[in-house]
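The next block holds one structure in the form of structure tokens; read it before the comments.
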Amino acid sequence: MIPILHSEHLYKNTLKTLGLGLLPESNKCIVTEQRNGEFVCNLSYPARGRMAAELKPMRHIIASVSGDRDYQAFQIVEVKKGTSGNIEVSAEHISYRLEDIPFFPPVLECNNVDALGAMQILKTNSVEPLMFDFETQGFGAERNTFKFDIANNLSIRKALGGSEGSLLTHFNGEYFFDNFLVRLCKDREGNRGRKLLYGRELFDGEFEESIANTYTAVLPFAKKDDSYKDDSYIVLPEKFMLSENANKFVRKLYKVVDLSEKADSVESLRRACEQYIKRNNIGVPDLNLRLKYTDLKKIHRAQFPKLSFPSPRLCEVVKVGIPELDVDVEAKIVEIEWDSLRDEVISIELGTPKRGLSEALSTKGDEISSLKEDLQNKANKYLVSNNTGKRYEWRVIEQNGVVKPELVEVT
């Protein structure tokens, strides 16, 4: 899709107009979206292009994105002109407007509310009228009691997610942004049974593992009153609760959590702590796969016009296979890079799965080596080229903590 440039003033009823004009000379337009994270657009445009002088901060770029959504609006935050002959433009999704809008009064009480009710409380107490619509999906009758505190949640967007005490802290979910619509989903895409193969859709893959910031235990407390005496706190007799994977780590990393809003007794504190550990994936290490992606939907459309090859979606659970190594892992897509000019996915990042890679934790502390060992044990097959007769073998290379399978010629 050809990006469209809009003025500083963008509303629901002007989204689908041509605005200030098209940007057909664009060299690059890449949209990156993360699960509950960044949603940005980076545009490269010739410095001598027809619309070069119109690319200014606060204006908007309309570009295609991954998934079943209309073209999305991104507000320009930076314009760089260099010696390369191109203008580099950085823009943020229109939902980032909520980053600039606080709520008032400074503390909002949410008593026995569902997720949508909490979102409506934020909208009602915004310091200025919001043109955004809020929705939820898949939460059923789940309700919670808590409060939004402006000391921790400096804006509406931070109160929705991204800071301690945000909505995501109390209702674990995944956000879906569609221009002026903000939807919190219990499970945004689920598992469609998709399998991606290394060497077919995927190539140039890297495995990353880290437990540097992985909490393995939670020490909860609840305050009875505003005094600071020992008996003014509710604590657990056992002091802390371990995560499910705690015994797989040599050391413990404690997270101290104030659960005063959810607990008024030892029993309720223990239940609230169990829920906190589950909702916040305590004990699950940072474990990611970064993979370049070849979008099959265009390659096969001419040969198989009746078959559908949909692109992978953010937050979708997929299986990743490396046939030559006989490896199958299941993971959730946590980042997608989208080429807006060509309307296709160019790379994906998969986060820590519930099964598969997360079970490859080592008991050797900081060395999570099970995955590497498993790959190395299976990387012992020779492959023979039909064209040249040369032999190749898979080897597992580790550089700077990154584990990467490579096909190497055997001499």
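The values are calculated or read from the model by the stated rules, or taken from the named source; none is laboratory data. Please read these numbers as outputs of a predicted model, since none were measured by experiment. Note that we place each Cβ from the backbone using ideal geometry, even for glycine, and neighbour counts take in every protein chain shown. Note: areas computed on protein heavy atoms with side chains; ligands, DNA, RNA excluded. Shrake-Rupley method; radii C 1.70, N 1.55, O 1.52, S 1.80 Å.
Pairs from the list Lys223/Lys278; Lys16/Lys332; Lys81/Lys332; Lys147/Lys186; Lys223/Lys252 with a Cα-Cα gap above 30 Å: Lys16/Lys332; Lys81/Lys332. Subtracting the Cα-Cα distance of Gln34 and Asn152 from their residue separation scaled by 0.36 nm leaves 40.2 nm.
Length gained on full extension, Arg279 to Asp70, computed as 0.36 nm times the residue gap minus the Cα-Cα distance: 72.1 nm.
Using a Förster distance of 30 angstrom, determine the FRET efficiency expected from the C-beta separation of Val107 and His9, and round it to 0.05. After rounding to 0.05, the efficiency reads 0.35. On full extension, the segment bounded by Leu253 and Met1 gains 86.0 nm, given 0.36 nm per residue less the C-alpha separation. Between the range 1-72 and the range 129-179, the alpha-carbon centres lie 27 Å apart. Sparse packing (at most 15 other Cβ atoms within 10 Å of the Cβ) combined with a DSSP loop state is found for the following trypsin sites (Lys or Arg not before Pro) in the range 47-132: Arg48, Arg50, Arg69. Here the label points at Asp343 and Leu18, each 7 Å from Cα along the C-beta direction, are separated by 1.9 nm in the simple model.
Among the listed pairs Lys123/Lys224; Lys248/Lys319; Lys28/Lys80, those with a Cα-Cα distance over 19 Å are Lys123/Lys224; Lys248/Lys319. With each label modelled as a point 7 angstrom along the Cα→C-beta vector, the Lys195-Thr83 pair spans 5.2 nm.
Anisotropy class assigned to the range 90-157 is oblate, per the alpha carbon gyration tensor with a/c at or over the 1.5 cut-off and a/b no larger than b/c. Under 15 Å from a label point set 7 Å out along the Cα-to-Cβ vector of Met131, the amide N atoms of the range 4-21 belong to 6-20. The listed residues Lys262, Lys186, Lys16, once ranked by accessible area (1.4 Å probe) with the largest placed first, stand as Lys16, Lys186, Lys262.
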